[in-house]
Amino acid sequence: NAGVTQTPKFQVLKTGQSMTLQCAQDMNHEYMSWYRQDPGMGLRLIHYSVGAGITDQGEVPNGYNVSRSTTEDFPLRLLSAAPSQTSVYFCASSTSSSGELFFGEGSRLTVL
Amino acid sequence: AQSVSQHNHHVILSEAASLELGCNYSYGGTVNLFWYVQYPGQHLQLLLKYFSGDPLVKGIKGFEAEFIKSKFSFNLRKPSVQWSDTAEYFCAVRAGSARQLTFGSGTQLTVLP
């Protein structure tokens, strides 16, 4: 199984540009989420979804949009990138009962 | 909102030394607890988890953790570390019926050969 797949792995943007980080899982998990990882701050939750058509904000949602049109996909959109969004982004999914998150390999984003 | 504290930011040990990484959380109700490991350049992987039952849980690669409810703690232990244990370790909590996990800030473990 592929598990959780994220693309791209690396991206460099200029301030003000937009982009979408893709996330797909093939485990039929209801729950999907996006975290950002910054040195000394651990992982902070950006947005999450408990099923198709349902999304909610996490701890640091500003500057990011998400949608969940299918169970498999949960893209993260940056509408106008800022240097403060330079980070490593992880997508993760889980079943409704386990709570155990399965992570993608991460996407390293640099905003100049 | 719940929070998770990992007080050790960077731990340096020699091979064969014993390891204990602290994790404390702030939530008074039922919790699910997790330890994840991130090897250099890789994504997070589950080391072990506690849902209920025996408060001493064993995970992969010889790691174990003990849930002490009265202390709101879930410390990670390993009797004898190896160079290959060099990684960053994250404690995480799921509080009550919430779906999301809250992570601590992580502890970087460096094991010297």
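The values are calculated or read from the model by the stated rules, or taken from the named source; none is laboratory data. This structure is a prediction, so every number in the text was calculated from the model and none was measured. We place every Cβ from the backbone using ideal geometry, glycine too, and count neighbours over all the protein chains shown.
Summary of values
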item	result
The one condition in (1) under 13 Å from the mean Cα position of the chain (by Cα); (2) in a strand (DSSP E or B) that residue B:7 fails to fulfil	(2)
Filter pass, residue A:18 being surrounded by 15 or more Cβ atoms within 10 Å (Cβ to Cβ) and in contact (Cβ under 8 Å) with a residue 40 or more places away in the chain	no
Test: residue in region B:1-10 that is surrounded by 13 or more Cβ atoms within 10 Å (Cβ to Cβ) and over 26 Å from residue B:95 (Cα atoms)	no
Flag for residue B:41 being within 14 Å of chain A (Cβ to nearest Cβ) and among the small types (Gly, Ala, Ser)	yes
Subset of region B:11-57 [more than 14 Å from residue B:87 (Cβ to Cβ), surrounded by fewer than 18 Cβ atoms within 10 Å (Cβ to Cβ) and among the aliphatic types (A, V, I, L, M)]	B:16, B:17, B:56
Count - residues of region B:1-24 that are in contact with a strand residue (DSSP E or B) (Cβ under 6 Å, 6 or more places away or on another chain) and within 13 Å of chain A (Cβ to nearest Cβ)	7
Verdict on residue A:106 being crowded, with 20+ Cβ neighbours inside 10 Å, under 24 Å from residue A:2 (Cβ atoms) and over 15 Å from the mean Cα position of the chain (by Cα)	no
Filter result for the condition that a residue is under 14 Å from the mean Cα position of the chain (by Cα) and polar (S, T, N, Q), over A:33, A:84	A:33
Top-ranked residue of region B:59-106 - restricted to ones that are modelled with pLDDT under 95 and polar (S, T, N, Q), ranked as surrounded by the fewest Cβ atoms within 10 Å (Cβ to Cβ)	B:70
Contacts under 7 angstrom Cβ, first residue in region A:59-70 being under 16 Å from residue A:24 (Cα atoms) and surrounded by fewer than 14 Cβ atoms within 10 Å (Cβ to Cβ), partner basic (Lys, Arg) and modelled with pLDDT under 95, 6 or more apart	none
Top-ranked residue of region A:78-103 - restricted to ones that are exposed (fewer than 15 other Cβ atoms within 10 Å of the Cβ) and within 18 Å of residue A:41 (Cβ to Cβ), ranked as nearest to the other protein chains (Cβ to nearest Cβ)	A:84
Matching residues in region A:59-92 - criterion: being in a strand (DSSP E or B) and among the polar types (S, T, N, Q)	A:65, A:87
Residue in region A:51-59 that is closer than 30 Å to residue B:10 by Cα, in contact with a Leu (Cβ under 9 Å, 6 or more places away or on another chain) and away from chain B (no Cβ under 11 Å) present	no
